[in-house]
Amino acid sequence: MFGIGLTEMILIGIVILMLFSPRELPSMIKAIAKVYGSIRRTAEEFRSQVMEAEELREPIEEIRAAYHGTKDELMNAQELARRELQRARAETMRAQQKLTEIVREESRRKDPLPAPAHVPAVAAAPAAPAPAAVTTPATSSPSRPPPEGAVASSRPFAPTTAADDEPIAAPANDRPDAA
């Protein structure tokens, strides 16, 4: 209460008891309460008279009307901005879809690009799916040809892929020449 702690309140109480006798204190507290009540009532009456005054009511009403009018204008502007933003988003989506359709049409019209000379024909054909990696064991009988799409290997059980025609590197300890 007003930044006063318990010790300060006890000290004030002791000083009041020293200045005034215990018989005078109740009447003194009543007088202070009456003065406080009358000041409070006077302030309340003044405030109500100011609010009721016709001269002051008009400017207050004008200020309130201006506030509410501005608030309504801001709400309308916000709603208009939302609608415009939604329209712009819809236009952007339509333009993006149209652009995507145009790009698809152009890619359909164009012929596939010729393959460069250094790229094998299998990798240059984008329409054909890439063949799956095939693992073939090397056989001891050279008379039997490897299956179609498989690449022959000089090492036993060396996995190869048909796309790059190179054997996949085996770990160092599995290589026959590493010993």
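Worth a mention:
- Per-residue ³J(HN,Hα) for the range 36-41, Karplus 6.51 cos²θ - 1.76 cosθ + 1.60, θ = phi - 60°, Hz, x for Gly and Pro: 4, x, 5, 5, 5, 5
- Net length gained if the chain between Ile60 and Val35 were fully extended (0.36 nm per residue, minus Cα distance): 5.8 nm
- Its Cα gyration tensor gives the range 54-108 an equivalent ellipsoid. The semi-axes, each the square root of 5 times an eigenvalue, are 53, 4, 4 Å from largest down.
- Likely footprinting exposure, Arg108, Arg82, fewest C-beta neighbours within 10 Å first: Arg108, Arg82
- With the convex hull drawn around the C-alpha atoms of the range 15-78, the volume per residue stands at 136 Å³.
- Applying 1/(1 + (r/R0)^6) with r as the Cβ-Cβ distance of Glu44 and Ile12 and R0 = 35 angstrom yields a FRET efficiency of 0.75.
Values quoted throughout were computed directly from the atomic coordinates according to the rules given, and no laboratory measurement underlies them. This is a predicted model, so every value here is computed, not measured. Positions of Cβ are generated from backbone atoms using ideal geometry, with glycine treated the same way; all protein chains shown enter the neighbour counts.
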